[in-house]
Amino acid sequence: MFIRHPTQLWRYFSAGVRGRQIVHLLHISKTGGTALKYALQGNLTTKTSTIFLHEHDWHLRDIAPGQKAVMFFRHPIPRFVSAFCSRRRCGRPRYDVPWNRPEAAAFAQFASPNQLARALSSHEPAQCAAAHAAMNGIRLLNDSFFKWIESDEYFASRAPDILLVGFQETLAADFKALKRLLQLPSRLELPADSWSGHRSPPADVRLDETATANLAVWYAQDIAFFEARRLEALGGLPL
């Protein structure tokens, strides 16, 4: 584990002295992490746990064996749509992160997630190349789950340290489960407004059959990982 914020050292020390488990919330992009962190702020110490909230740069390997990890996932295809729309508006209204050069080029050519996804199989070489460059150059779109969990094998090896795997699709129910696990106040709620939860405003997010098929190929590894985790959750199977 890497302690990147010296001001948090006392929280690690205090947790150890009082016998509380240390719990880390990994923030995998576009999976509901902003809403979760908003809801948890001010309630980071419970009778049983000391909770640490992280930005996107914390990964499973940054968490020491014996400490606990909480992470949320989302099906990669709607995650792609959300990421495209978020970066197209530079993260506004909650954030304001200007486009980098690859993003500027991508959004000058592709006005919607459907256009970009369809172009991945375009018979026009220039259009296809531009789409591939956009997928690799637009921030958030190029974030695989494996950026955070490294590999299926490493994820499986850390099973004893994974306290909860939740899903953006069942965020409210999984947040209730998290509150029970950590003995958090029952009154805590996820934010209802779009700004606090960093939810996308209305946009054209429809994907046609070709776009969906292309994304299924592009994100095949992430989709397989996601579906395996959902099967475990639905079947009550261990990680």
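Quick notes on this one:
For (1) surrounded by 15 or more Cβ atoms within 10 Å (Cβ to Cβ); (2) among the acidic types (Asp, Glu); (3) modelled with pLDDT of 95 or more, each residue gets a yes or a no:
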site: Thr7; (1), (2), (3): no, no, no
site: Gln21; (1), (2), (3): yes, no, no
site: Thr46; (1), (2), (3): yes, no, no
site: His56; (1), (2), (3): yes, no, no
site: Arg61; (1), (2), (3): no, no, yes
site: Ala64; (1), (2), (3): no, no, no
site: Val70; (1), (2), (3): yes, no, yes
site: Phe73; (1), (2), (3): yes, no, yes
site: Pro102; (1), (2), (3): yes, no, yes
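- Taking region 142-159 as the range and being touching a residue at least 40 places away in the same chain (Cβ under 8 Å), not charged (D, E, K, R) and not in a loop (DSSP other than H, G, I, E, B) as the test, the residues that pass are Phe146, Trp148, Ile149, Tyr154, Phe155, Ala156, Ala159.
- Flag if Arg94 is in contact (Cβ under 8 Å) with a residue 24 or more places away in the chain, surrounded by fewer than 16 Cβ atoms within 10 Å (Cβ to Cβ), under 16 Å from Lys30 (Cα atoms) and of a type in the set (D, E, K, R): yes
- Where helices (runs of 4 or more DSSP H) fall entirely within region 189-239, those with at least 3 residues that are at pLDDT 95 or above and exposed (fewer than 15 other Cβ atoms within 10 Å of the Cβ) are at 209-218, 220-235.
- Of the set (1) under 19 Å from the mean Cα position of the chain (by Cα); (2) within 18 Å of Thr210 (Cβ to Cβ), all apply to Ser122 but (1).
Yes/no per residue for (1) aliphatic (A, V, I, L, M); (2) assigned to a helix (DSSP H, G or I); (3) surrounded by 14 or more Cβ atoms within 10 Å (Cβ to Cβ); (4) touching a strand residue (DSSP E or B) at 6+ places or on another chain (Cβ under 8 Å):
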site	(1), (2), (3), (4)
Leu116	yes, yes, yes, no
His123	no, no, no, no
Gln127	no, yes, yes, no
Ala131	yes, yes, yes, no
Asn136	no, yes, no, no
Leu140	yes, no, yes, no
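- For region 23-45, residues that are free of Cβ contacts under 8 Å to residues at least 60 places away in the same chain and of a type in the set (Ser, Thr, Tyr) total 1.
- Checking each residue in region 164-188 for being at pLDDT below 95 and among the hydroxyl-bearing types (Ser, Thr, Tyr) picks out only Ser186.
- Per the conditions (1) more than 26 Å from Trp58 (Cβ to Cβ); (2) at pLDDT below 95, the sole criterion not satisfied by His132 is (2).
- Enumeration of residues in region 38-79 that are over 28 Å from Ile223 (Cβ atoms) and either assigned to a loop (DSSP other than H, G, I, E, B) or charged (D, E, K, R) (or both): Gln41, Gly42, Asn43, Leu44, Thr46, Lys47, Thr48, Ala64, Gly66
The values are calculated or read from the model by the stated rules, or taken from the named source; none is laboratory data. A quick note: this is a predicted structure, and the numbers were derived from the prediction, not measured. All Cβ positions, glycine included, derive from the backbone under ideal geometry; neighbour counts span all protein chains shown.
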